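Below is one structure, written out as structure tokens; the observations come after it.
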């Protein structure tokens, strides 16, 4: 597909502005009524989902050109999916997410590039990760855990740790706790060690399709060679990419793709793990975009009039992973879960997605602090999430602001309650 293939979607925008807001039925206050970080921050219609549809239509019709200024607007977007969810309340025949992805690819094809994104792709080519860390050090986070190496031994469950967990030492205790929990439940778990590579999803979202396809092919080969029947990831980004972007590239995985929060609930229901210790804390849960709205499986393009498309063939953000993390948190003795105003498919983004963390740090900071303010307004003592990129964005924002507010990776609290000792890294 190309940007021009979505002419009907772009032309169909009725300029209703609903893409900028949560649905009326979901709004609880004026303060937290908006859903799009981009248009809320820059306060100009072009930065909204509908504004980008208008710009794309103008370009493919030859009425305007893809200038550096237009490309800057295209890239100042976390690709969080909030505009698409809101639009589909009123216009379920328009797929804004698909248009935004094609707009990125069109920018790359026409040479409208962002330096920071180019550096990410260069790092990916050299070290198989977007952080530019050494490939040889990718397995250091797992030292001493006794994980099987699927290059040498067969495992029923293949763990894909993801770039952020592999190299962000601040997050190592979280993923190590997750692995120790799973192994304690008797699961035959393995990983690819140094041979694990980036899933390629970030490259796809930045518009670099060729690189994304290369890493998707690598992942497909690794999964097949491992003999695993389940692909488990702790990374919300990887989960979304495996379920949505891979099939969009025509590279659907043939195994059960599961996020750690889903797997945790399976183990709880099977009686293989039990919470033991109280964690006396009032927390609020942040729904990561990639685990929520953007984790719905890809649905092939509908051939014909989209007004006639059945509801079952529409991605609207409602089928993401929302209840499992909350169920796990409610299972922790002593823990009180309070909700923010914008939750589930209406969640506000952490700010880190779509290359914004790397290219527009001030925008990422502003977006993250907006969410932290919302968490405080809910009366929470801490914010919990299930995505390493969200944790990083929130902690970085607080450090930059010189403020203190506890940010937890969900597995940290689970480990505390189950009795897994905290680790020093």
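Multiplying the residue separation of residue 224 and residue 152 by 0.36 nm and subtracting their alpha-carbon distance yields 24.5 nm. Could you state the angle between the C-alpha long axis of helix 96-109 and the longest principal axis of the C-alpha atoms of the chain, as a value from 0 to 90 degrees rounded to the nearest 10? The helix 96-109 is inclined about 80 degrees to the chain. In terms of other Cβ atoms within 10 Å, 259, 117, 241 run from fewest to most in the order 117, 259, 241.
Could you tell me the relative contact order of the chain? Use alpha-carbon pairs under 8 Å, at least six residues apart, and round to a whole percent. Provide the component values of the computation, followed by the final result.
Working: 773 pairs, mean separation 74.6, N = 425.
Relative CO of the chain lands at 18 percent.
When both the range 190-219 and the range 104-181 are represented by their alpha-carbon centers, they are found 9 Å apart. With each label modelled as a point 7 angstrom along the Cα→C-beta vector, the residue 422-residue 330 pair spans 2.8 nm. GNM remark for the chain: springs join alpha carbons under 10 Å apart, and the peak mean-square fluctuation among 372, 187, 175 falls on 187.
Only alpha carbons enter this Debye calculation for the range 115-269, each as an equal point scatterer, and the log10 of I(q)/I(0) it gives at q = 0.16, 0.17 Å⁻¹ is -0.85, -0.97.
Between residue 195 and residue 2, the modelled label-to-label distance comes to 3.9 nm, taking each label 7 Å out from Cα in the direction of the beta carbon. Peptides 201-208, 283-290, ordered by how many other C-beta atoms sit within 10 Å of their residues on average, highest first, read 283-290, 201-208.
Springs join every pair of Cα atoms under 10 Å in this Gaussian network model of the chain, and among 130, 321, 255 the largest mean-square fluctuation is at 255. Here the gap between residue 403 and residue 256, fully extended at 0.36 nm per residue and compared with their Cα-Cα distance, gives a gain of 48.8 nm. Counting every alpha-carbon pair across the range 188-347, the share separated by more than 27 Å comes to 35%. Here, the chain is characterised by an Rg to Rh ratio of 0.95, where Rg is the alpha-carbon radius of gyration and Rh the Kirkwood radius. Applying Stokes-Einstein at 37 °C and 0.692 mPa s to the Kirkwood radius of the range 1-60, computed over alpha-carbon pairs, gives a translational diffusion coefficient of 263 µm² s⁻¹. Relative to the dominant Cα principal axis of the chain, helix 172-184 is inclined by about 60°.
Considering only 413, 57, 308, the mean-square fluctuation computed in a Gaussian network model of the chain, springs between alpha carbons under 10 angstrom, is largest for 308. Computed on the Cα atoms alone, the convex hull of the range 40-168 gives a volume of 183 cubic angstrom per residue. Relative to the dominant Cα principal axis of the chain, helix 209-226 is inclined by about 30°.
Under the classification rounded if a/c is under 1.5, otherwise prolate if a/b is larger than b/c and oblate if not, where does the range 300-392 fall, given a ≥ b ≥ c as square roots of the Cα gyration tensor eigenvalues? Oblate.
Over the range 1-113, the pair-distance histogram of Cα-Cα distances with 5 Å bins from zero comes to 2, 13, 25, 25, 19, 9, 4, 2, 0 percent, rounded to whole numbers.
Rule-based calculations on the coordinates, nothing more; no lab input. Bear in mind the structure is a predicted one, so any value in this text is a computation, not a measurement. Glycine gets a Cβ as well: all are built from the backbone with ideal geometry, and neighbour counts include every protein chain shown.
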